[in-house]
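No value in this document is a laboratory result; all are computed from the given coordinates. Please read all numbers here as calculations on a predicted model, not as lab measurements. Here the Cβ is made from the backbone with ideal geometry for all residues, glycine too, and neighbour counts use every protein chain on show.
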Amino acid sequence: LPLEKRKAFDFAINEHARIASEKSKAENVKMVTSLQGAISTADFLFECLKRPRIKSTCYWQLATTSANGTWHMLTKDLNGNIYGTAPYYLYDLLNQALGKYVRPLSVNSPKAVNESFSYPYSVNAVAFEDEEGFLHSVAALNRSERDAYVIKLPAQLRLQKREARFLVLTGPELLSCNSFARPMVRIEERRISIEKDELVLPPKCVAAWIWR
């Protein structure tokens, strides 16, 4: 299509990845439903949020049609017990953090290296502002297994108050997965006070600071 026609399109994305053909079904399920899968999903969604012509995106199924399904946010074990995978809790966290307007945050992130993959960057982040231009929330991910990271808020972001809700989705390891009996990847929440316009992002997590 000519460039002038391409500019007229908005986009909806319903797929961004494929199953690794060299891995077994069990390995693929663990890869995509683990904490690592939640972090990868967050990274994809952050990049979509930075692009205003992408109007919607979702490639996870809110379904429990089979035990240990690959792309299920809710799944069930062989006894029929239903539970949330790590990406289910990711969407819970992001739904709480979403604000009216998106502002991309520039982060000087080191390369992330872990046992399974090497990524070109470890940290990604976006900010959300309200109708009055005040900071509503910041959402960020850190795929480093060991290193915390400090995000410095740019001066143009306006804070109305210093106290915030801090939500963090994490687990013991990047490949930690939930089960009905052992929900290892869950959201932890506490209230914190923001000092020096800096946010401390823990290792191996997706986190959100919410001021509203």
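Packing order of peptides 197-206, 143-152, highest average first: 197-206, 143-152 (average count of other Cβ atoms within 10 Å over each peptide's residues).
Put a dot 7 Å past the Cα of residue 179, heading toward its Cβ, do the same for residue 156, and the two dots end up 5.0 nm apart. Were the residues from residue 83 through residue 186 laid out at 0.36 nm apart, the gain over their Cα-Cα distance would be 35.9 nm. Here the calculated FRET efficiency for residue 132 and residue 98, from their Cβ-Cβ distance with R0 = 22 Å, stands at 0.85, rounded to the nearest 0.05. The slack between residue 58 and residue 193, meaning 0.36 nm per residue of separation minus the straight C-alpha distance, is 45.3 nm. Note that region 154-161 has calculated 3J(HN,Hα) couplings of x, 4, 6, 7, 9, 8, 7, 8 Hz, one per residue in order, obtained from phi through the Karplus relation 6.51 cos²θ - 1.76 cosθ + 1.60 (θ = phi - 60°); glycine and proline are x. May I ask which of 5/30; 7/100; 5/204; 7/204; 100/196; 161/204 have a Cα-Cα span longer than 31 Å here? Table pairs above 31 Å Cα-Cα are 5/30; 5/204; 7/204.
A simple count of charges around residue 168, restricted to other residues whose Cβ falls under 9 Å of its Cβ and scoring Lys, Arg +1 and Asp, Glu -1, yields -1.
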